[in-house]
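Mind looking over this structure? Questions follow.
The values are calculated or read from the model by the stated rules, or taken from the named source; none is laboratory data. Given the structure is predicted, the values throughout are model-derived calculations rather than measurements. Cβ: placed from backbone, ideal geometry, glycine included. Neighbour counts: every protein chain shown.
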Amino acid sequence: MADRKKCNYHLIFTLMVLLVCCDNAKNKMTGPVEPEIMVSSIAITPRSVVKTEGSIVQFTALVKDTDGIALEGISLKWHSSENSVALIDSLGTALCKQAGDVVITAHYDTIESNASKLLIVTPAVYAGQTSGNGIVYTNETPGIWIGQRELDIDINKDGVEDFKVGHTGWDGNNADMITYIEPLEGNRINISSAYKSVADSILNSNVDTEPWYDDFKYKDRSNAWVDTVGYWVVIDHTLEWMTKPAVFSYFYERDAYMWNWNFGLCQPDSEKLIGLMLVNAEDVTYGWLKIQVGRCSGGISIKEYAGIRLGEQ
Ligand SMILES: [Ca+2]
């Protein structure tokens, strides 16, 4: 009997302990209320970016509390000012649907981020176009003179050299002048049908032996120097492109009459336009370059160039 009583007390004690434990556990589960997240600022990047149609842009947000401490894992609402131009999802990934510009923001309750500018461009440009569509235009007038040397040019001013322009052939006397434009970084040069036929004729002809004397002792092989693309032609993927250097040749002959430029024997300098393709890891865009043949001075000048600059600005 005494044993059974002892057993009952033991059982009651055990139950009490369990009840206390359960109560503690329950308190822990509902817990004291967590302090509210105090978001104070949201900064999103990139702050300004240019992309082509169809591209994806990942925006990221730096969220801070009132003490300026970065907060992790905060769910933000992302917003595009024009969904038909760019759509943005809950993770800040924007789809560039068509050419235009939108403002991207991120929100948490009433806190709004800085406004990021997303400009979406078409890859193509017009030959000679100097503004709009993300174009960076450089006017070097009166020109960067190239005698017998090479120069790399960053057409779209993004810090990467895109084309090499070189000039050879001047010996201070009669000379075949050669200008070449060599693509760097996998870029390309437009080949118009006119350039193609001229390039063929240069390769197949023996024009150096022709008599040039019917033209004031001076003649440039003007048909050997052509625009690769006409003014205001759309430069895009539909044109013909090559990765090889474009080579232009003209002949320069000089005699006693030519020593005095004031005789007016030199013909006006000729400006030529070259269509360019700019290739990078993600996108292909286009640009153009204008160079001037210095017929009397035996060299060329880089006059103007332009290309679309993509990425963060
Ligand atoms: Ca460049």
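Of all residues in segment 43-61, which are surrounded by 15 or more Cβ atoms within 10 Å (Cβ to Cβ), out of contact with any Phe, Trp or Tyr (no Cβ under 6 Å at 6 or more places or on another chain) and β-branched (Val, Ile, Thr)?
Those that are surrounded by 15 or more Cβ atoms within 10 Å (Cβ to Cβ), out of contact with any Phe, Trp or Tyr (no Cβ under 6 Å at 6 or more places or on another chain) and β-branched (Val, Ile, Thr): 45, 49, 50, 52, 57.
Being at pLDDT 95 or above and either of a type in the set (Phe, Trp, Tyr) or more than 16 Å from the ligand (Cβ to nearest atom) (or both) is the filter here, so list the residues in segment 160-170 that pass it.
163
Going residue by residue through segment 128-142, is there one that turns out to be without any contact (Cβ under 8 Å) to a residue 24 or more places away in the chain, surrounded by fewer than 20 Cβ atoms within 10 Å (Cβ to Cβ) and not assigned by TED's automatic domain parsing to the domain that holds residue 46?
Checked against the condition, which is being without any contact (Cβ under 8 Å) to a residue 24 or more places away in the chain, surrounded by fewer than 20 Cβ atoms within 10 Å (Cβ to Cβ) and not assigned by TED's automatic domain parsing to the domain that holds residue 46, segment 128-142 yields at least one hit.
Restricting attention to segment 62-85, report how many residues are surrounded by 16 or more Cβ atoms within 10 Å (Cβ to Cβ) and in contact with a Gly (Cβ under 8 Å, 6 or more places away or on another chain).
Residues meeting the conditions: 3.
Please specify each residue of segment 86-109 satisfying the condition of being in contact (Cβ under 8 Å) with a residue 12 or more places away in the chain, surrounded by 13 or more Cβ atoms within 10 Å (Cβ to Cβ) and out of contact with any Phe, Trp or Tyr (no Cβ under 9 Å at 6 or more places or on another chain).
Within segment 86-109, 86, 95, 96, 97, 99, 100, 101, 102, 103, 108 qualify.
Being assigned to a loop (DSSP other than H, G, I, E, B) and modelled with pLDDT under 95 is the requirement here; does residue 98 meet it?
Values: assigned to a loop (DSSP other than H, G, I, E, B): yes; modelled with pLDDT under 95: no.
Judged against the criteria, residue 98 is not a match.
Filtering segment 144-159 down to residues that are exposed (fewer than 14 other Cβ atoms within 10 Å of the Cβ) and modelled with pLDDT under 90, which residue is nearest to the ligand (Cβ to nearest atom)?
149
Can you confirm whether residue 189 is at pLDDT 60 or above and either among the hydroxyl-bearing types (Ser, Thr, Tyr) or touching a Pro at 6+ places or on another chain (Cβ under 8 Å) (or both)?
So residue 189 fits the description; yes.
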